[in-house]
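The structure appears below as structure tokens.
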Amino acid sequence: MHNTARRAVEAGQSTEQMGQSIAEQRVVVTAFSMVMGLETALLSGASGVPIVQACIATAMRSVEELGGVLRQFILDDKGVVIIWTFGLPGSTYEDNAARGLDSCLRVNEALKAQGLAPRTGVTVGSAFCGLVGARYRCEYSVMGPSVNLAARLMTSCESKAVELLCNDALYDEVTRRDH
């Protein structure tokens, strides 16, 4: 659970109160990384768990060292996908774009060192940040066009024969800060 939602729960807020108090539009950096190479571990049952755990621990460490938040580690129609953000309450910095890009480079290098093949898309843009879902089963989420674009960039890496793609806004922000 994201710390913003955790604090609201611990304060005794109802789901409706939490939904109203923590829902907001924010400029966030969102990264999606598809991890190739875990297929055998996932099909191996319990014997594959240490390999999958090493992957998630590596990604979390690389993201959290820079102050980002792991959003999801999921297995879906694209395979294993790791999603993380910068810019949420408690993880907002003047250099979110640079931190987000640096985290992608770190995650990719660390996962490649484990024999995995990451493909990562990263964007910066405005997104809805708050609770989504049913009253008794909701989660803190980040949604919007820039989030969708990060997923699309991730899936475009293979056809472009690259490991990392970013949107123009992130590129512009990072290069502007460097000059």
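The values are calculated or read from the model by the stated rules, or taken from the named source; none is laboratory data. Quick caveat: nothing in here was measured; it's all calculated off a predicted structure. Cβ sites come from the backbone with ideal geometry, for glycine too, and all protein chains shown count toward neighbours. These area figures cover heavy atoms from the full protein model, side chains too; ligands, DNA and RNA do not enter into them. Shrake-Rupley method; radii C 1.70, N 1.55, O 1.52, S 1.80 Å.
What to note about this one:
- Take segment 75-179 with all the other protein chains still there, run a 1.4 Å probe, and you get 51 Å² of accessible area per residue.
- Accessible surface of segment 41-179, 1.4 Å probe: 54 percent of it comes from carbon and sulfur atoms.
- Taking 28, 142, 80 in turn, the Gaussian network model of the chain (Cα-Cα springs below 10 Å) assigns the largest fluctuation to 80.
- Diffusion coefficient (Stokes-Einstein, Kirkwood radius over C-alpha pairs, 37 °C, 0.692 mPa s) for the chain: 195 µm²/s, rounded to a whole number.
- For the chain, built as a Gaussian network whose Cα springs stay under 10 Å, the top-fluctuating residue of 77, 102, 168: 77
- The charge dipole of the chain, taken about its Cα centre with unit charges on the Cβ atoms of Lys, Arg (+1), Asp and Glu (-1) only, comes to about 260 debye.
- Rounded Å value of the spacing that divides the Cα centres of segment 48-67 and segment 99-163: 15 Å
- Signed unit charges on C-beta, dipole axis of segment 106-179, positive-most listed residue 118, 132, 161: 132
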